[in-house]
Amino acid sequence: LQNVRIDPNSISYSMWKDIPVPFYMAVHFFEVLNPKDVLQGAKPVLNQRGPYVYREFRHKTNITFHDNDTVSFLEYRKLFFQPDLSNGTEDDYVVVPNILMMGAAVMMENLPNFVKLLLSGALAGLKQQAFMNRTVGEIMWGYEDPLIDTINMIVPGLIPFKGKFGLLIELNNSNSGLFTVNTGMKNISRVHMVDTWNGLKKVNYWRSSQCNMINGTAGEMWPPFMSPTSLEFYSPDACRSMTLVYEQSGKFEGVPTYRFVAPKFLFANGTDYPPNEGFCPCMQSGIQNVSTCRLNAPIFISHPHFYNADPALVDSVEGLHPSKDQHGLFLDVHPLTGIPMNCSIKLQLNLYIKQVSGIIQTGKIKPVVLPLLWFAQSGSIEGSVLKQFYTNLVLIPSVLEYLQYIFLGLSVPLIISAAVLMAMSQ
């Protein structure tokens, strides 16, 4: 119990402060092979590119202990491209939707026609098209586009940011918000459980109190003595708390684990799973509208390749092949300590595109939730840390258990001998 608390004197503290597990993020892009046909109303044909693999380093700063048995911290992430593990380079060109333009078009759909015509004229002057051919590095980490200033001028506040635009720009050299979690000093069952995030007890992105709740841990460790039921964590990337469910018991490199996976209803709509109604307005099951926490852009998250989603989503494009092995997420946790041994968390970003009346650049595009990219963040305990785990949590307890039986076996004849001697003396 002492060694799993968040305490500078505990064994697990250094692991919590600077995670020794090598994390990797593998990014896969969906290239649109028939952009001209899509503009005429055809079904998008996609080709998966990648993976583009990054080594992820995490470290905590601003660690502050409080009197109420909580600790606050900022965790920073840095990503470094790994060419030897990747299938391609950041200089690869990929044809994808013009995310800024198509997103702004859908966001402006209900505005007056003269505003849309004004944007359409500006797009023509800037030679903007519905699809763009940019490098992997630009799409992920940002590119400068005069369209940003133009949109800000035409509809101030529609996209409240300036400078570069990139899909994953917030993941690199940045933190995931100020977490305040329980230390477990007085109540070990609350260790790592989130008290507040950015000072909030709950978020205000969603339409129900239940969906806005910040539940579980920060996704790094969990309280010890886990039961094979479920675990929860708050994900700033998904803007919500997530619950994973127990699937099976197993072993990782000899260490006992519980495997937790995403339930089929994780991204279900309110019709198929009523508690998710607070995440709506919804479309088909299997995709979650995150526009309220993504600058109102028509962005949806899902499992990769629309795994566990409505088949209509897979059928709306060509080139997707969902499977549990490749696209399902999992978390293997040592139940005694609550420390993850092996994990692979996967998420897909999708953009809702369609023809918007008054904006000629959107052509005759049929409404479709179009996959942009998916990424997998994975890591497993190895090396000296794994050896220490195995020695302290598997080997030594096993030896002690065998010794227990040996001592028990030796004690039986001694007890019998003592009883016989006592009987003889009487």
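The values are calculated or read from the model by the stated rules, or taken from the named source; none is laboratory data. All figures in this text were calculated on a predicted structure; none of them were measured in a lab. So basically every Cβ, Gly included, is an ideal-geometry build from the backbone, and we count neighbours across all protein chains shown. Keep in mind that these areas ignore ligands, DNA and RNA; they rest on the heavy atoms of the full protein, side chains included. Shrake-Rupley method; radii C 1.70, N 1.55, O 1.52, S 1.80 Å.
Cysteines of the chain lacking any other cysteine Cβ under 4.7 Å from their own Cβ: CYS211, CYS343. Between ASN173 and THR391, the simple label model (points 7 Å from Cα in the Cβ direction) yields a spacing of 4.0 nm. Full extension of the segment from GLU382 to ASN198, taken as 0.36 nm per residue of separation minus the current Cα-Cα distance, would add 63.0 nm.
Taking 0.890 mPa s as the viscosity and 25 °C as the temperature, the Stokes-Einstein diffusion coefficient of the chain based on its alpha-carbon Kirkwood radius rounds to 102 µm²/s. Using a cut-off of under 14 Å, list every residue of the range 39-60 whose amide N is near the label point 7 Å from the Cα of GLN129 along the Cα-to-beta-carbon line. Residues 39-40 qualify, since their backbone N sits under 14 Å from the label point.
Between PHE80 and ASN110, the FRET efficiency estimated from the beta carbon spacing at R0 = 51 angstrom works out to 0.75.
Overall, the accessible surface of the chain at a probe of 1.4 angstrom is composed of carbon and sulfur to the extent of 56 percent. Would you mind checking the tilt of helix 396-425 against the longest principal axis of the Cα atoms of the chain, expressed as 0 to 90 degrees and rounded to 10? Roughly 20 degrees between the two axes.
Please compute the contact order of the range 2-381 in relative form: average sequence separation of alpha-carbon pairs under 8 Å and at least six residues apart, divided by the residue count, as a percent.
18
Every helix of 4 or more DSSP H residues in the chain counts as -39500 (n - 2.57), and over all residues that averages to -6500 deg cm²/dmol at 222 nm.
How large is the dipole of the chain about the Cα centre if only Lys and Arg carry +1 and Asp and Glu carry -1, each at its Cβ, rounded to the nearest 20 debye?
Magnitude of the dipole: close to 580 debye.
Once the C-beta distance of LEU295 and GLN326 is scaled by a Förster radius of 30 Å, the resulting FRET efficiency is 0.45 to the nearest 0.05.
Over the chain, average the accessible area per residue using a 1.4 Å probe and give it in Å², no decimals.
On a per-residue basis, the chain sits at 48 Å².
For a paramagnetic label modelled on LEU336 (point 7 Å from Cα along Cα→Cβ), amide N atoms under 20 Å away belong, within the range 232-251, to 248-251. The lysines whose alpha-carbon is closer than 29 Å to the alpha-carbon of LYS354, local same-chain residues fewer than 8 away aside, are LYS36, LYS43, LYS116, LYS127, LYS162, LYS164, LYS264, LYS346, LYS364, LYS366.
Return, ordered by residue number, the residues of the range 6-48 whose backbone nitrogen is under 14 Å from a label point located 7 Å along Cα→Cβ of GLU318. Counting only backbone N, you get 32-39, 41-48. Remark: the ASP272-ILE63 segment gains 71.0 nm on full extension, using 0.36 nm per residue and subtracting the alpha carbon distance.
Peptide packing for 250-262, 366-378 was compared via the average number of neighbouring C-beta atoms within 10 Å per residue; ordered from the highest value, the list is 366-378, 250-262. Backbone phi angles across the range 304-314, fed through the Karplus curve with coefficients 6.51, -1.76 and 1.60 (θ = phi - 60°), yield HN-Hα couplings of x, 6, 6, 4, 6, 10, 4, x, 4, 5, 5 Hz in residue order; Gly and Pro are listed as x. The ASP149 and SER344 beta-carbon pair, evaluated with R₀ = 56 Å, returns a calculated FRET efficiency of approximately 0.90.
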